[in-house]
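Everything below concerns the one structure shown next.
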Amino acid sequence: MKSTAANFEDNAEKALADDKLKAALSKLSEGFPAKRREAADRLPEFESLRDQARDIKSHVLANLDFYLEQFEARVVESGGTVHWCRTAAEARTTILRICRNAGAKTVTKSKSMIGEEIAINEHLEHHGVEPVETDLGEYIIQLRHEPPSHIIAPAIHLSKEQVADTFRKSHPHLAPERALEEPRALLEEARSELRQKFLAADVGLTGANMLIAETGSIALVTNEGNADLTYSLPKTHIAIASLEKIVPTLEDATTILRVLARSATGQDMSVYNTFCTGPKRAQDLDGPEDFHIVLLDNGRSKMLGGEFHDMLRCIRCGACLNHCPVYKSIGGHAYGWVYSGPMGAVLIPNLIGLDEAGHLPNASTLCGKCEDVCPMRIPLPRMLRSWRTQQFEAGKTAPLSRSLLRAWAFVTARPWLYRIMVAPAVSALAALGRKGGRFRRLPLAGGWTKHRDLPAPEGGTFVSRWNRGERPGEKKP
Amino acid sequence: MSETPARQPSIGLFATCLVDLTRPSVGFAAAKLLEDAGCKVSVPGQQSCCGQPAYNSGDAADARAIAQTVIRVFEGFDYVVAPSGSCAGMIRHHYPALFENDAKWLARARALADKTHELTSFLVDVMKVDGLEADYDGVVTYHDSCSGLREMGVRDQPRALLGQVSGVALKEGEEREACCGFGGLFCVKYPDISGRMVDAKVDDILATGADTLLAGDLGCLMNIAGRLQRRGSDVRVRHVAEVLANMTDGPSLGEPGDESKK
Ligand code: SF4
């Protein structure tokens, strides 16, 4: 996907002006956080499960080469193939090659953020292979030619009326007067459209929520069951996953599943949790004959051991988006690339560069809510700040903010100077504002006064007034 | 109060630059609360800002220089107390992080961090304040500022203290723990996003029907007061210390003052 992260400010402005988006986002923020809270409260050991989940991933990251090799060996033993791909381009080429070898005309696809990251749909289409998204949300945005706006709820930015509209336009063979008001009707229509596609597909392309080293299995988690049809009906199954999706054992995988669903949607468990191991065996009734895993690096190995190492623990649950006041204000598209919210603001600059995505780590109040809810206890605010430090040290902070900041720092590191310089300015402002109590407009403060008044200073500085012996009393009875 | 540390503890009051420059009342209120709790309060003249704007903007070198000044000035006190969760959080958590690679300063930063507290939590958790003598006639709602809540564990303490003020009725907002959109320089760098966030906060406050908004951080308060007033609301906005110290005669934030005052 082509990034528009550099236009973050314009993207955000557009998003803020979009009333339909505002309504959709307010539904999201009423729904997911409350459900997560309830799910967490139902499970007394939720907090200690988070610790366990974090420790599993930390251990994996410290021994990544070992577990990846173990995983590959098990996949090969069970009759599958692992393709190591360093870049998005390598992964695209590999997937297209497998599709061609399978003589594929259509590929069904279950939701995969890595699929978005490497823009596999465009690549397949370009080479004459038709990709069909089978997750309801992904299906909708594929029809609309839009990127996902949320890592687990890709069409969260749309209302059901917008979806109905899209279906009417995209399914011209159906009766125009059919009723599409109820979500149920939309679901039924998507389902019947997709049924044929499932049966006709030559290749099934899935992501993988986890890769399990001890068995060579992949874990697929959905609420719609579409991943199960995607991988089991066609002759060839390709799973794409990035390196850090690995966990040592099935036991570890279940620990992570327990925090994943609760953090994501507030479910105790997602509806379909499938472990696929290798191609169909002689005694199996169904399943693919060919099983491929495309293992993607695409910048992950560079993150190992560095400031963003812990980000590799992320299990893409979406909790940090659901709880982020910035995400809830502007939605996912404003971030301008595949990922969004706090995890996106940390990850995107790692994947497409800080020059392109420099706004993202700055567009946060560092309120800390994301870290608070992240099941993997990833210190997201600390990492956002790390990006800012890199920008500052590389001289890429906006020149005006940079000089103002440095001036403020220079003065405040020398309190005597601060007293001489700042106090008179404040007194002047206080004198100016005393009558009205506040300013509606003020030179150089346009950023502040665009949406809010500025309370006027009271007058004098506390430190000097105190040290002059002033002691205002209590209020008069 | 039930029980205080044996000796009268010496407090370095870190007023914070916002209080120092824009709302001295909060400093006086904090000092009074600490003195009433049995502390010996000093306000070192060599203080300014905790360095958070620099730190959060990625200017670690300047943040370190400011931190060194604060450490030098305040390390001699038994405790450092700030009427702000955000500035106290900066000293408590981020000063040590700034000196990770400098053993000598790290030790000094840690020593200061360990004795630095946000005002209301210090009064409750350390000084065990109980039985404040204050009254405030109003329905108040409380905004939990992000750093206070998530870095300093301030949630119950200000409410416990407000419970001791006669006449106060507390009506909590659903989204009391949501960020108000201030975020230091964030609010001027991304004014429209910040504007949407503070609007949500204001909606939540208005939904409580309270006539007064209180919080423990002046940054949030200025932001919220500014938006309330832009929207024509007459909800009064004060730092919680003003109510606790019974010092609510002066104008609330953004309210016109009387000419005779300094
Ligand atoms: S960063 Fe944490 S909360 Fe956000 S998606 Fe990843 S695991 Fe979930």
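Against the list (1) more than 8 Å from chain B (Cβ to nearest Cβ); (2) within 30 Å of B:GLU133 (Cβ to Cβ); (3) open to solvent by less than 70 Å² (accessible area, probe 1.4 Å); (4) modelled with pLDDT under 90, the condition A:GLY469 fails is (4). Selection of first residues in the range B:189-205 that are farther than 10 Å from A:PRO325 by Cβ and free of Cβ contacts under 8 Å to residues at least 40 places away in the same chain and of second residues that are open to solvent by 40 Å² or more (accessible area, probe 1.4 Å) and in a helix (DSSP H, G or I), restricted to Cβ pairs under 7 Å at least 6 apart or on distinct chains, gives the following pairs, ordered by first then second residue: B:ASP192/A:GLU13.
Taking the range A:95-203 as the region of interest, the helices (runs of 4 or more DSSP H) fully inside it that hold 1 or more residues being among the basic types (Lys, Arg) are A:136-144, A:160-170, A:183-200.
Residue count for the range A:299-315, restricted to those that are of a type in the set (A, V, I, L, M, F, W, C) and open to solvent by 20 Å² or more (accessible area, probe 1.4 Å): 1.
Yes/no per residue for (1) open to solvent by 20 Å² or more (accessible area, probe 1.4 Å); (2) touching a Cys at 6+ places or on another chain (Cβ under 8 Å); (3) more than 7 Å from chain A (Cβ to nearest Cβ):
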site	(1), (2), (3)
B:MET152	yes, no, yes
B:ARG159	yes, no, yes
B:GLY163	yes, no, yes
B:SER166	yes, no, yes
B:ALA169	yes, no, yes
B:CYS187	no, no, no
B:PRO191	yes, no, no
B:GLY195	no, no, no
B:ASP203	yes, no, yes
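Inside the range B:20-68, residues that are in contact with a Phe, Trp or Tyr (Cβ under 8 Å, 6 or more places away or on another chain) and within 30 Å of A:TRP387 (Cα to Cα) make up a count of 15.
Hey, any hits in the range B:207-217 for a residue that's open to solvent by 10 Å² or more (accessible area, probe 1.4 Å), more than 13 Å from chain A (Cβ to nearest Cβ), more than 17 Å from B:LEU119 (Cβ to Cβ) and of a type in the set (S, T, N, Q)? The answer is yes; a qualifying residue exists.
Residue pairs whose Cβ atoms lie under 7 Å apart, sitting 6 or more positions apart in sequence or on different chains, and linking a residue in the range A:411-435 that is under 23 Å from B:ASP62 (Cα atoms) to a partner that is open to solvent by 50 Å² or more (accessible area, probe 1.4 Å), are A:VAL411/A:MET421; A:PRO415/B:GLN46. Scan the range A:307-321 for residues that are hydrophobic (A, V, I, L, M, F, W, C) and near the ligand (Cβ under 6 Å from one of its atoms) and jot them down. Of everything in the range A:307-321, those that are hydrophobic (A, V, I, L, M, F, W, C) and near the ligand (Cβ under 6 Å from one of its atoms) turn out to be A:CYS314, A:ILE315, A:CYS317, A:ALA319, A:CYS320.
From the list B:GLY85, B:GLY58, the lone residue that is open to solvent by less than 10 Å² (accessible area, probe 1.4 Å), under 26 Å from A:ALA363 (Cβ atoms) and in contact (Cβ under 8 Å) with a residue 24 or more places away in the chain is B:GLY85. Name every residue in the range A:99-113 that is open to solvent by 10 Å² or more (accessible area, probe 1.4 Å), closer than 25 Å to A:ALA219 by Cβ and out of contact with any Lys or Arg (no Cβ under 8 Å at 6 or more places or on another chain), in order of residue number. Of everything in the range A:99-113, those that are open to solvent by 10 Å² or more (accessible area, probe 1.4 Å), closer than 25 Å to A:ALA219 by Cβ and out of contact with any Lys or Arg (no Cβ under 8 Å at 6 or more places or on another chain) turn out to be A:ALA104, A:LYS111.
Would you pick out the residues in the range A:293-306 that are more than 23 Å from A:ILE95 (Cβ to Cβ) and within 16 Å of the ligand (Cβ to nearest atom)? Selection gives A:MET303 alone. Does B:GLY131 fit the bill of being of a type in the set (Gly, Ala, Ser) and surrounded by fewer than 24 Cβ atoms within 10 Å (Cβ to Cβ)? Answer is yes for this residue. Just to be sure, is A:ALA357 more than 10 Å from the ligand (Cβ to nearest atom), within 14 Å of another protein chain (Cβ to nearest Cβ), open to solvent by less than 10 Å² (accessible area, probe 1.4 Å) and among the aliphatic types (A, V, I, L, M)? Here the answer is no, as A:ALA357 does not meet what is asked.
Scanning the range A:166-205 for residues that are open to solvent by 40 Å² or more (accessible area, probe 1.4 Å) and either closer than 30 Å to A:HIS323 by Cβ or within 16 Å of the ligand (Cβ to nearest atom) (or both) yields a total of 4. Residues in the range B:39-50 that are more than 7 Å from chain A (Cβ to nearest Cβ), over 13 Å from B:PRO83 (Cα atoms) and open to solvent by less than 30 Å² (accessible area, probe 1.4 Å): B:CYS39, B:VAL41, B:PRO44. Return the total of residues in the range A:448-464 being within 7 Å of chain B (Cβ to nearest Cβ) and surrounded by fewer than 18 Cβ atoms within 10 Å (Cβ to Cβ). Total meeting the criteria: 1.
Counting only helices (runs of 4 or more DSSP H) that sit completely within the range A:239-341, those holding 1 or more residues that are more than 14 Å from every other protein chain (Cβ to nearest Cβ) correspond to A:250-264, A:300-303, A:319-322.
Of all residues in the range B:61-76, those that are under 16 Å from B:ALA88 (Cα atoms), open to solvent by less than 40 Å² (accessible area, probe 1.4 Å) and either more than 8 Å from every other protein chain (Cβ to nearest Cβ) or touching a Leu at 6+ places or on another chain (Cβ under 9 Å) (or both) total 5.
The helices (runs of 4 or more DSSP H) falling completely within the range A:1-91 that include 1 or more residues that are under 27 Å from A:LYS302 (Cβ atoms) and away from chain B (no Cβ under 14 Å) map to A:46-62, A:64-77. Under the condition of being among the charged types (D, E, K, R) and touching a strand residue (DSSP E or B) at 6+ places or on another chain (Cβ under 9 Å), the residues counted in the range A:1-60 number 1. Counting only residues that are in contact with a Phe, Trp or Tyr (Cβ under 7 Å, 6 or more places away or on another chain) and within 16 Å of the ligand (Cβ to nearest atom), the range A:250-292 holds 3 of them.
Of all residues being within 16 Å of the ligand (Cβ to nearest atom) and assigned to a loop (DSSP other than H, G, I, E, B) in the range A:372-414, which is nearest to the other protein chains (Cβ to nearest Cβ)? Just the residue, please. That would be A:PRO379. If you go through the range B:90-111 and keep only what is within 19 Å of the chain's Cα centre (by Cα) and either closer than 26 Å to B:ASN246 by Cα or surrounded by fewer than 22 Cβ atoms within 10 Å (Cβ to Cβ) (or both), you end up with just B:HIS93.
Residue under question is A:PRO443, and the condition is that it be within 16 Å of the ligand (Cβ to nearest atom), more than 8 Å from every other protein chain (Cβ to nearest Cβ) and without any contact (Cβ under 8 Å) to a residue 40 or more places away in the chain; does it hold? The answer is no for A:PRO443. Restricting attention to the range A:334-354, the residues being away from the ligand (no atom under 16 Å from the Cβ) and either surrounded by fewer than 23 Cβ atoms within 10 Å (Cβ to Cβ) or under 17 Å from B:GLY183 (Cα atoms) (or both) number 3.
The values are calculated or read from the model by the stated rules, or taken from the named source; none is laboratory data. Since the structure is predicted, the reported quantities are computational estimates derived from the model, not experimental observations. A quick note on method: Cβ atoms are made from the backbone with ideal geometry, for glycine too, and the neighbour counts reach across all protein chains shown. Heavy atoms of the whole protein, side chains included, go into the accessibility calculation; ligands, DNA and RNA do not. Shrake-Rupley method; radii C 1.70, N 1.55, O 1.52, S 1.80 Å.
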